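Engineer: Here it is, the structure, as structure tokens.
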Amino acid sequence: MGYNGTMKQDIKKKAVRRLKIAQGQLKGLIHMIEDEKYCVDIITQSSAIKEALSGVEHLILENHLSTHVIEQMKGGKEKKAVEEMLKVYKLAQRKK
């Protein structure tokens, strides 16, 4: 959505690490389905992937709130900051 900022390096490192783990889990899940493994095992693996992606979302949200939202507030763009926070909140509510 067009911002000119940088991601906190520690958060970026954690997010990329989690995504690489999820990528490996997803490849494993594909093989499990192709090999017709036990359904409960497939569901367990799928759940682990969802948790990994959820962790990435939390990291990105942390980054956004601690950098971009702060910058918006300091820059007099309170309305935009509030709109973005509400958008994220509404997305989170859909998952419940």
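No lab work stands behind these numbers, since they all come straight from the coordinates. This structure is a prediction, so every number in the text was calculated from the model and none was measured. Using ideal geometry, Cβ is built from the backbone for each residue, glycine included, and neighbour counts are taken over all protein chains shown.
Engineer: Can you pull out every residue in the stretch 37-62 that is in contact (Cβ under 8 Å) with a residue 40 or more places away in the chain and of a type in the set (D, E)?
Structural biologist: The initial filter retains those residues of the stretch 37-62 that are in contact (Cβ under 8 Å) with a residue 40 or more places away in the chain, namely 56, 59-60, 62.
The one that is in contact (Cβ under 8 Å) with a residue 40 or more places away in the chain and of a type in the set (D, E): E62.
Engineer: Residues to consider are G28, G75; find the one that is surrounded by fewer than 11 Cβ atoms within 10 Å (Cβ to Cβ) and not charged (D, E, K, R).
Structural biologist: That would be G75, the only listed residue that is surrounded by fewer than 11 Cβ atoms within 10 Å (Cβ to Cβ) and not charged (D, E, K, R).
Engineer: Could you identify the single residue in I60, I42, I21 that is within 16 Å of the chain's Cα centre (by Cα), over 24 Å from Y89 (Cα atoms) and surrounded by 12 or more Cβ atoms within 10 Å (Cβ to Cβ)?
Structural biologist: None of the others qualify; the one that does is I21.
Engineer: Taking the conditions exactly as written (among the charged types (D, E, K, R) and surrounded by 12 or more Cβ atoms within 10 Å (Cβ to Cβ)), does E36 satisfy them or not?
Structural biologist: In short, no.
Engineer: Pairs under 7 Å by beta carbon, first residue closer than 13 Å to H64 by Cβ and without any contact (Cβ under 8 Å) to a residue 60 or more places away in the chain in the stretch 76-87, partner assigned to a helix (DSSP H, G or I) and of a type outside the set (A, V, I, L, M), six or more apart or different chains?
Structural biologist: These pairs meet every condition: K80/Q72; A81/Q72.
Engineer: So, one more: Cβ-Cβ under 9 Å, sequence separation 6+ or interchain: first residue in the stretch 12-36 and farther than 30 Å from H64 by Cβ, partner loosely packed, with under 12 Cβ neighbours inside 10 Å and not polar (S, T, N, Q). Which pairs?
Structural biologist: M32/Y38; M32/D41
Engineer: Please return the ranges of helices (runs of 4 or more DSSP H) entirely within the chain where 2 or more residues are among the small types (G, A, S) and out of contact with any Lys or Arg (no Cβ under 8 Å at 6 or more places or on another chain).
Structural biologist: Values: elements: 9-34, 39-63, 70-74, 78-94.
Per the criteria, 9-34, 39-63, 78-94.
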